[in-house]
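To start, the structure under review is shown below, and the notes come after it.
The values are calculated or read from the model by the stated rules, or taken from the named source; none is laboratory data. Being a predicted model, the structure only gives us computed values, none of them experimental. Here Cβ is always computed from backbone atoms with ideal geometry, including for glycine, and neighbour counts include all displayed protein chains. Quick note on the areas: whole protein, heavy atoms, side chains included, nothing else; ligands and nucleic acids left out. Shrake-Rupley method; radii C 1.70, N 1.55, O 1.52, S 1.80 Å.
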Amino acid sequence: MPSTQISLSLLDLALLSSINRLLADYHGYVRYSNDISFLFLILLLFSATFLEIHTHLTGFGTSILASANPFNSILKTLEKPQGGEFGKYYSLPALNDPRIDKLPYSIKILLESAIRNCDEFQVKSKDVEKIIDWENTSPKQVEIPFKPARVLLQDFTGVPAVVDLACMRDAMNKLGGDSNKINPLVPVDLVIDHSVQVDVARSENAVQANMELEFQRNKERFAFLKWGSSAFDNMLVVPPGSGIVHQVNLEYLGRVVFNTNGVLYPDSVVGTDSHTTMIDGLGVAGWGVGGIEAEAAMLGQPMSMVLPGVVGFKLLGKLRDGVTATDLVLTVTQMLRKHGVVGKFVEFYGEGMSELSLADRATIANMSPEYGATMGFFPVDHVTLQYLQLTGRSDETIAMIESYLRANKMFVDYNEPQIEKVYSSYLQLKLEEVEPCISGPKRPHDRVPLKEMKADWQACLDNRVGFKGFAIPKESQDKAAKFSFHGTPAELRHGDVVIAAITSCTNTSNPSVMLGAALVAKKACELGLEVKPWIKTSLAPGSGVVTKYMQKSGLQKYLNQLGFHIVGYGCTTCIGNSGDIDESVASAISENGKFFSENILGYTCIRMLEADILAVFYMRPDMVAAAVLSGNRNFEGRVHPLTRANYLASPPLVVAYALAGTVVQSSVLPDMFKATYEAITKGNPMWNQLSVPSGSLYAWSPTSTYIHEPPYFKDMTMSPPGPHGVKDAYCLLNFGDSITTDHISPAGSIHKDSPAAKFLLEHGVDRRDFNSYGSRRGNDEIMARGTFANIRLVNKLLRGEVGPKTIHIPTGEKLSVYDAAMRYKTAGQDTIILAGAEYGSGSSRDWAAKGPMLLGVKAVIAKSFERIHRSNLVGMGIIPLCFKSGEDADTLGLTGHERYTIDLPSCVSEIRPGQDVTVATDSGRSFTCTVRFDTEVELAYFNHGGILQYVIRNLIGSKQ
């Protein structure tokens, strides 16, 4: 790490401490006070001293900083069994503190990081003590710094991150700084996996055809990322067609233990995809963050986080035959949702752990966002080491990992007596009690046991509109939509399946369920069963390894026979890249619009027959306006606009039913992993032929509709703008509960009547080339227009009408959200958003915060926020506020037609994390909210106008 960048951050914090939070930056920015003359005098008095400190630190480089670590006395040598040494490490046992032995394994990773990075500036001894005393400090919501070992990106979220880095280089250059300082300081891995769509299915040529279309649509984006891989240091870009980011992370990128310059330490990662948590199954601490936070971590900024509570989840026994890891994770998700684990770690332990394969653990860890936890962590044990060997890690590496973790008491050996860990709360599950199930029709945690599916489906038809109902009148429940499928008469009924997809990182990394699905297909073929031709079937493996063991086992041909041809290697149906369904099927649904649309918020449910379970899930798939997928997300409007019922199921259940707990390890060989990943960075012919510009600064094209220089740093000066309040703001949108990032920043296709579509048409883009919103995340002009463009959006200002529109309060006109926002901005009028509980849940999308900021939103007032989204709002300068317990817009009598004023002190030193503020309206009604700036660091970001502006000003100052 370059010393100038280190010394800047250290000195910045030293200044904050030395002058009692009066100054923001050591290079003379005024902060926290209106008395500029007073601060200027302080600057004059202290400037000589600070300049001397800075010169001293910069001159001596990193060595003097390392020697300042107060824990260097516990830096030990890890010897190799056969002689020699693996490297040095900070020994937790050497602290001789009995509290450490009782810490959860996940907290020990935070502790080791704090000790290793302790410099009394960025990380202090008191931070280490907070973590050691976790049992007492975690209930108090104390703040700690954390430096992850690396950052993981996928292309949907990675493109805007690289765009921001390129834009920051331009800003540094314009302000006279060294643009080359904008470089990742920790390893950054970017896997291109979110751009492939299922355009072609049920074809032997589907992989090649879809990849060609993927490159046609995304050539500009891919070339930009290829430029970034060479322009930025410490950045690996994995080309398209290699696999799903989380499976690649699990099988290839995950280190478990790092060895950097002879110092050993645990692997840890933050990623711009919420399912980064899948790596927790490998014993690597990882979780999702916003793209904004990830960019700061790339640039060497410590993450400020609240020391989390840890829920101990004890697993007992073993799964029964016929029960899969998918059934288990859906059960765990329901239990943890009920328990309440938002903002917490979940750590699994107990005798049942030895019965779970690594792939099963990864499945459970993957769905941490669905049960609301920051992590679902599985400590390293013998199962982990066996998986590392299976996936081709070297014997030397595995020996180093085991030796280090045993030496630091971070390895679980079930042959040794276990010291009872202390947890914040406890849960227990007997694995033999798990039963086959699916989840839906609209939320991942709405689990339905298969034996109850028929009754649940009928209830969904009858129930009023909501998460488990859509109020279909009794007389309409048996109505059929007749159509002709390529000359063959056909019909659809409520609950009929039109999409069946083996997809997603959740399940395609697990050989047990993948081979199980293939065996179901084999049995079905032997029975002469067929899939109805209008059902869109697809198989999108998480990596090329899946194809290798499917081919070796001889089972892929049976999946092909049923239409489950491999369509690509990436994240497809689960994120809305399901492609079009056949026009005749789409017309049969849409032409019965009255039949469906009056219940647009409800989801139809899968119609189950009382028959053999094979017939239920493989049988004649006569279930409609529904999708069945082996994914982790089934929110409304996500999978496909025309599937209102979306059920999560195991791969065998997508094809037929769960087979009897088969783990066919013999078909999965280490050589398959080695062969796949030895060539992964070599790319493919289409990737290698991409022509990219050279140079450290990106040459922005004014005509590009994929990559556009964002306006975040327009008119930026060296002085932080300070905090802002909100004055006489209009309500842009008034929401209820569970508004997800899918509603705010929708994935999937660009609707032909949307503002984004209008923009593209005006710029000469044909409708067939619109591509998806995700693929155009590198263009702020498109994404701003796509913000709140979800066709399922429910805005109370519209009084029951569903769609991406709102009321322009001053005129009463009904406009698209974008057009209304632009009208407010043009008039110089602030806007706010009212919301209910769990605002911003779902995938961690930076555009769910960037978009509202570009629309001019100054604050969001909600009952509660999803963790990552709240942080992202702060990172973009938007004020998050929470109603007091028991209150919301409805109980306070707020309609959204009022004007809102939020008075915040103009001096940031007068704002405290979690303080109360008064919100006044022009109707005379006032109410109290809690400002959700949760840490002092977040206040600093807000003072600078955002996290990126904070980083730029700090890095520019480092030259002085």
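For residues in the stretch 462-481 being touching an Asp or Glu at 6+ places or on another chain (Cβ under 7 Å) and assigned to a loop (DSSP other than H, G, I, E, B), which is least open to solvent (accessible area, probe 1.4 Å)?
Residue satisfying both the conditions and the ranking: LYS468.
Of all residues in the stretch 504-529, how many are within 35 Å of the chain's Cα centre (by Cα) and outside any loop (DSSP other than H, G, I, E, B)?
Total meeting the criteria: 15.
Please determine whether any residue of the stretch 228-235 is under 21 Å from the mean Cα position of the chain (by Cα) and either open to solvent by less than 10 Å² (accessible area, probe 1.4 Å) or in the same structural domain as MET853 (by the TED database) (or both).
no
Considering only residues that are in a helix (DSSP H, G or I) and without any contact (Cβ under 8 Å) to a residue 12 or more places away in the chain, look in the stretch 90-131 and name the one that is farthest from PRO145 (Cα to Cα). Break it down stepwise before answering.
Here is the first cut: in the stretch 90-131, the residues in a helix (DSSP H, G or I) are 93-95, 98-101, 105-116, 125-131.
Next, from what is left, pick out any that are without any contact (Cβ under 8 Å) to a residue 12 or more places away in the chain: 98, 126, 129.
Values: PRO98: 23, LYS126: 11, GLU129: 12 Å.
For the stretch 90-131, the residue satisfying everything is PRO98.
Give the residue that is most open to solvent (accessible area, probe 1.4 Å), with candidates limited to residues of the stretch 492-526 that are in contact with a helix residue (DSSP H, G or I) (Cβ under 8 Å, 6 or more places away or on another chain) and over 23 Å from ALA325 (Cβ atoms).
The selected residue is CYS525.
So how many residues does the stretch 539-569 have that are touching a strand residue (DSSP E or B) at 6+ places or on another chain (Cβ under 8 Å), open to solvent by 10 Å² or more (accessible area, probe 1.4 Å) and aliphatic (A, V, I, L, M)?
1
With the requirement that a residue be surrounded by fewer than 19 Cβ atoms within 10 Å (Cβ to Cβ) and within 26 Å of GLU838 (Cβ to Cβ), what does the stretch 413-444 give you?
SER424, SER425, TYR426, LEU427
In the stretch 157-213, what count of residues is obtained for those that are assigned to a helix (DSSP H, G or I), of a type in the set (Val, Ile, Thr) and open to solvent by 10 Å² or more (accessible area, probe 1.4 Å)?
As a first pass, look at the stretch 157-213 and keep what is assigned to a helix (DSSP H, G or I): 157-174, 179-181, 206-213.
Next, only the ones that are of a type in the set (Val, Ile, Thr) stay: 157, 159, 162-163, 207.
Still in the running and open to solvent by 10 Å² or more (accessible area, probe 1.4 Å): 207.
Here the count works out to 1.
Quick check: is even one residue across the stretch 770-786 more than 24 Å from the chain's Cα centre (by Cα) and more than 16 Å from GLY803 (Cβ to Cβ)?
The answer is yes, given that some residue of the stretch 770-786 is more than 24 Å from the chain's Cα centre (by Cα) and more than 16 Å from GLY803 (Cβ to Cβ).
In the stretch 702-749, what residues are assigned to a loop (DSSP other than H, G, I, E, B), open to solvent by 50 Å² or more (accessible area, probe 1.4 Å) and farther than 28 Å from ALA940 by Cβ?
PRO702, THR703, ASP737
Can you work out which of the residues in the stretch 788-822 that are more than 17 Å from GLY896 (Cα to Cα) and at pLDDT 95 or above is surrounded by the most Cβ atoms within 10 Å (Cβ to Cβ)?
TYR818
Of LYS548, LYS532, which residue is assigned to a helix (DSSP H, G or I), in contact (Cβ under 8 Å) with a residue 40 or more places away in the chain and charged (D, E, K, R)?
That would be LYS548, the only listed residue that is assigned to a helix (DSSP H, G or I), in contact (Cβ under 8 Å) with a residue 40 or more places away in the chain and charged (D, E, K, R).
Examine the stretch 911-918 for a residue that is crowded, with 20+ Cβ neighbours inside 10 Å, more than 19 Å from GLY851 (Cα to Cα) and either within 29 Å of the chain's Cα centre (by Cα) or among the small types (Gly, Ala, Ser) (or both), and state whether such a residue exists.
no
Restrict the check to the stretch 401-408 and report whether at least one residue is aromatic (Phe, Trp, Tyr) and open to solvent by less than 40 Å² (accessible area, probe 1.4 Å).
yes
Yes or no, residue by residue, for (1) of a type outside the set (D, E, K, R); (2) open to solvent by less than 10 Å² (accessible area, probe 1.4 Å):
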{"position": "VAL310", "(1), (2)": "yes, yes"}
{"position": "ALA325", "(1), (2)": "yes, yes"}
{"position": "LYS338", "(1), (2)": "no, no"}
{"position": "PHE348", "(1), (2)": "yes, yes"}
{"position": "MET353", "(1), (2)": "yes, yes"}
{"position": "SER357", "(1), (2)": "yes, no"}
{"position": "ALA399", "(1), (2)": "yes, no"}
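Contact list please: Cβ distance under 9 Å, first residue in the stretch 897-922 and more than 13 Å from PHE933 (Cα to Cα) and not assigned by the TED database to the domain that holds THR806, second residue open to solvent by 20 Å² or more (accessible area, probe 1.4 Å) and of a type in the set (A, V, I, L, M), pairs at least six apart or on different chains.
none
Going through the stretch 823-839 one residue at a time, which ones are open to solvent by less than 10 Å² (accessible area, probe 1.4 Å) and aliphatic (A, V, I, L, M)? If you could, list the steps in order and put the result at the bottom.
To start, the set of residues in the stretch 823-839 that are open to solvent by less than 10 Å² (accessible area, probe 1.4 Å) comprises 824, 831-836, 839.
Selection gives ILE832, ILE833, LEU834, ALA835.
Table: residues versus (1) in a loop (DSSP other than H, G, I, E, B); (2) open to solvent by less than 10 Å² (accessible area, probe 1.4 Å); (3) among the β-branched types (Val, Ile, Thr); (4) without any contact (Cβ under 8 Å) to a residue 40 or more places away in the chain.
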position: VAL248; (1), (2), (3), (4): no, yes, yes, no
position: ARG255; (1), (2), (3), (4): yes, no, no, no
position: TYR265; (1), (2), (3), (4): no, no, no, no
position: VAL270; (1), (2), (3), (4): no, yes, yes, no
position: MET278; (1), (2), (3), (4): no, yes, no, no
position: GLY281; (1), (2), (3), (4): no, yes, no, no
position: GLU293; (1), (2), (3), (4): no, no, no, no
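Considering the stretch 837-880 alone, what residues qualify as being modelled with pLDDT under 90 and not in a helix (DSSP H, G or I)?
Of everything in the stretch 837-880, those that are modelled with pLDDT under 90 and not in a helix (DSSP H, G or I) turn out to be SER841, GLY842, SER843, SER844, ARG845, ASP846, GLU866.
What number of residues within the stretch 857-873 satisfy the criterion of being open to solvent by less than 10 Å² (accessible area, probe 1.4 Å) and not hydrophobic (A, V, I, L, M, F, W, C)?
2
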